[in-house]
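The values are calculated or read from the model by the stated rules, or taken from the named source; none is laboratory data. Note that the coordinates shown come from a computational prediction; the quantities given were computed from them, not determined experimentally. Counting neighbours? That spans all protein chains shown, and the Cβs are built from the backbone with ideal geometry, glycine included. These accessible areas exclude ligands, DNA and RNA; they are computed on the full protein's heavy atoms, side chains included. Shrake-Rupley method; radii C 1.70, N 1.55, O 1.52, S 1.80 Å.
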Amino acid sequence: MSRAIYWFRNIRTKQVFATMQRSVLANPRLIKGQIPTSQLPSTIRPDHWTPFVVAHGFDSQRSQMDTFTLATQPGHPLKPPSKQELAEYKLLPNTEKRNREMDMQERQVAQLARTLVYLDQTKSKAVPSSNNIRLLWEDDAWVGKIEEAGLQWPKWVEHGELEVRRGNIIVNQELRNVE
């Protein structure tokens with residue numbers, strides 16, 4: 001049986017958090033543990049969180065936990081900002097700066113890609129021996145953005161489409177029997 005890690009994004013603030021539970025509705029307190037309190041929305045509404053990416057196909061719970069631990073660390077953007085972008089950022093009003101800091105989508109996707117590359121390079125036990133880890137994306141344009149930034153997905157990573165209904169209900173058949 002396959003195990004999975006789920007990443008959810010906020011539809012308004014673009015904040016991202018990861019969990020090993022299939023739904024945010026089951027435990028909205030998970031959000032408070034991964035997003036800094038200074039950046040938390042004033043009210044946490046589970047219906048504002050939609051699945052962003054799902055990684056499944058881990059051989060063991062240990063490999064799932066190793067990947068989860070590394071992939072949920074604070075990430076960096078795909079490309080460092082240029083001097084001009086930094087100068088423009090300094091001139092922005094504080095509300096716009098805060099909105100940019102809350103946008104965690106690119107950083108989390110970059111961290112996921114770097115984690116999988118790291119696990120591949122170090123020949124970690126988290127690398128599946130019998131099957132591939134499958135990444136199901138809400139927006140598969142992220143796969144291309146990673147490759148444009150110069151990172152290459154490991155050979156044992158496959159990509160697919162994440163099917164979502166009603167904004168936050170995952171309906172992919174292959175995820176029905178995931179632990």
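Could you list, in their original order, any pairs among K83/K155; K14/K155; K83/K145; K14/K90; K83/K123; K97/K145 whose Cα atoms are separated by more than 26 Å? With Cα atoms farther than 26 Å apart: K83/K155; K14/K155; K83/K123. FRET efficiency for the Q61 to R98 pair, using the beta carbon distance and R₀ = 45 Å, is estimated at 0.75. Label positions at V171 and Q73, each projected 7 Å from the Cα along the C-beta direction, are separated by 3.8 nm.
Distance between the C-alpha centres of region 45-80 and region 100-179: 8 Å, rounded to the whole angstrom.
Averaged per residue, region 69-179 has 65 square angstrom of accessible surface, using a 1.4 angstrom probe with ligands and nucleic acids left out. With coordinates expressed along the principal axes, the C-alpha atoms belonging to region 73-179 extend over 51, 39, 22 Å, beginning with the largest.
Restricting attention to region 51-178, close to 55% of DSSP beta bridges with both partner residues there are antiparallel.
Rounded to two decimals, the Cα radius of gyration of region 65-113 over 2.2 N^0.38 Å is 1.37.
Given a 1.4 Å probe and every protein chain left where it sits, what share in percent of the accessible area of region 62-124 is carbon and sulfur? Summing carbon and sulfur atoms, their accessible area is 54 percent of the total for region 62-124.
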